[in-house]
Amino acid sequence: MTGTTLDTTVPYLNIADPSFSITSDVVHEARERSWYARTNYGIAVLRYDEVSKLLKHPKVRQGSIAWPAHNGITEGPFVDWWNSWILNKEGEEHHRLRRLMNPAFSPKLIARMVPRFQALATELIDNFAEPDRCEFVSEFAEPYAARVIAILLGLPESEWPIIARESATLGLAMGVTFRQELPKIEQALFTLYDYVDELIADRRRNERDDFVTRLVQASRDTDKLSEQELRDGLVLLIFGGFDTTRNQLGLAMQTFTRHPDQWRLLAERPELGRNAVEEVMRVNPTVRWVTREAVEDFTFQDLEIKAGTTIHLFNESAGTDPRVFGEPSFDITAQRPPHFGFGGGAHHCLGHFVARTDMSEALPLLAKRLRDPRILEGAEWLPDSGNTGPVRLPIGFTPGS
Amino acid sequence: MKITVDMSLCQDHGQCAIAAPAVFQMNEEGKLVYEANPDDSLREEVEQAADVCPVQAIFIED
């Protein structure tokens, strides 16, 4: 962070401490004292209204572009790919890529995939190794998230382990071991490049009525999309949709094991699936923070924010802000103000209609089949910051039908 | 053609302004402004804008 003058009476959060929990009482207490906190890397915004405004503020940009450099990684294939991300572009270049990608994620197109999502969820539950327990991540969340991407991109669903394995390795770039793992991460990137190169070559030979064909045509027939942008974009779509959905499904199970009455209600009323996704993402979002960076000096609520300041928007803290949501509660029938689990503004999650639709189909089916779920011994979790979720989540349940 | 935006739903994400910049813009405060009766030649991009709106707040009336 550069230069923003901070009042030392405002709370300080050490977000680089490995034991720091972004959903802890420390954060919630800080929220009651101040709308923002000081941190190791800029400011953290803790309340709903301020998060909502700063997320879409005209004086900020998306803030993750500097992440590799913060980790001492300034060149090489990973950095080239990272800089190609639509998330890390701004202005007209961002808009051009966004306009090209949007049609793949049209809500009308996604609605047609609902029967396939339902069949997939049912198949995975039917195939659990044990009748009354499962390892939720490897037996459900992971194959579900990966096969949804395969369905979306017109890839053979049987190839889902490639998507899962290589995306998970790429995901190490978001964590504290980024630098040590770089050779492995770059190898995963090359594997995914080879994979999408084959996909592109296939669609060149055999055009289909699908999204990848449309991108291939845009790259061939117009100057709207270069060959490299096409490869980079497809790898990003595979990566971006996998980790987040897998983690969010695991977090949904965690939340519902704490609210068994709500799980029973969801089994009885599957039409609440959509609202259940919103409610889970409000109180237990996988994207624990969204990052912005000030592009010029500006004043916000008497705080002078200097150009270059990193602004972390704390999602769970905003989503449980008592000024907006009252006493802590979890109610899948409630109509609430929107959460920020999909970010917002120009960089609002491109895949949110898919994520909302696939999770809102999966959760009621799970509620029906996995009655009275409880987390068994052996669960392992990612750190409670950045992007979080279970690595392993053994669940016991009473089989339902 | 005639457009309405349900401003009780609109969250100013600005996706419509990316999809159809001739019709939807974000002003200096980051708030949506739009042309309610755009020329019919812009129909395709307006439909894209309605489609992409994260909160589905854009309605094309005719």
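Laboratory data are not the source of any read-out in this text; all were calculated from the coordinates shown. All figures in this text were calculated on a predicted structure; none of them were measured in a lab. FYI the Cβ positions are ideal-geometry reconstructions off the backbone, even for glycines, and counts take in every protein chain you see.
Short version: ³J(HN,Hα) in whole Hz for each residue of segment A:366-375, in order, from phi by Karplus 6.51 cos²θ - 1.76 cosθ + 1.60 (θ = phi - 60°), x for Gly and Pro, what are they? Values, residue by residue: 5, 4, 6, 8, 10, 7, 6, x, 9, 7 Hz. Work out the P(r) tail for chain B: percent of alpha carbon pairs separated by more than 14 Å, whole number. Tail fraction, whole percent: 46.
If you take the Cα centroid of segment A:291-349 and the Cα centroid of chain B, the two points sit 23 Å apart.
Reported to the nearest whole Å, the Cα centre-to-centre distance from segment A:205-242 to segment A:9-67 is 36. Of the residues A:355, A:141, A:379, the one that moves most in a GNM of chain A with alpha-carbon contacts below 10 Å is A:379. Computed over chain A with a Gaussian network model linking Cα atoms closer than 10 Å, the most mobile of A:333, A:245, A:177 is A:177.
Please state the shape class of segment A:107-232: rounded when a/c is under 1.5, otherwise prolate if a/b exceeds b/c and oblate if not, all from the C-alpha gyration tensor. Walk me through the numbers before you get to the answer.
Details: a/c = 2.53, a/b = 1.22, b/c = 2.06.
Here segment A:107-232 falls in the oblate category.
With semi-axes defined as the square roots of five times the eigenvalues of the C-alpha gyration tensor, the equivalent ellipsoid of segment A:1-153 measures 36, 25, 18 Å, largest first.
Could you work out the relative contact order of chain A? I mean the mean sequence separation of Cα pairs under 8 Å and 6+ apart, divided by the number of residues, in percent. List each step's numbers first, then the result.
Details: 607 pairs, mean separation 104.9, N = 401.
That works out to 26 percent.
Give me the net charge for the shell around residue A:79: Cβ to Cβ below 13 angstrom, other residues only, Lys and Arg +1, Asp and Glu -1. Show your work: numbers first, answer last.
Numbers: positive: A:179; negative: A:75, A:80, A:186, A:232.
That works out to -3.
Neighbours of residue A:209, meaning other residues whose beta-carbon lies under 13 angstrom from its beta-carbon, give a summed charge of +2 when Lys and Arg score +1 and Asp and Glu score -1.
Please state the shape class of the protein assembly as shown: rounded when a/c is under 1.5, otherwise prolate if a/b exceeds b/c and oblate if not, all from the C-alpha gyration tensor. All intermediate terms of the calculation are to be shown ahead of the outcome.
Values: a/c = 1.22, a/b = 1.03, b/c = 1.19.
In terms of gyration-tensor shape, rounded.
Measuring against 30 Å, Cα to Cα, the residue pairs A:89/B:2; A:108/B:2; A:56/A:368 contain A:89/B:2; A:56/A:368 as the ones spanning a longer distance. Residue A:387 sits among other residues whose Cβ lies under 13 Å from its own Cβ, and their net charge, with Lys and Arg +1 and Asp and Glu -1, is -1.
GNM on chain A, alpha-carbon springs under 10 angstrom: the most fluctuating residue among A:92, A:304, A:271 is A:92.
Once every DSSP H run of n ≥ 4 in chain A is given -39500 (n - 2.57) and the sum is divided by its residues, what mean residue ellipticity at 222 nm do you get, rounded to the nearest 500 deg cm²/dmol? Don't skip to the end; give the middle numbers.
Numbers: 17 runs with 199 residues, N = 401.
My calculation for chain A gives -15500 deg cm²/dmol from helical runs alone.
Shielding value for A:102-112 is 2, the average number of Cβ atoms from other chains within 10 Å of each residue's Cβ.
Could you work out, residue by residue across B:7-14, how many beta carbons of other chains sit within 10 Å of that residue's beta carbon, and then give the average as an integer? Don't skip to the end; give the middle numbers.
On the way: counts 0, 0, 1, 0, 9, 6, 10, 8.
Counting Cβ atoms of other protein chains within 10 Å of each residue's Cβ and averaging gives 4.
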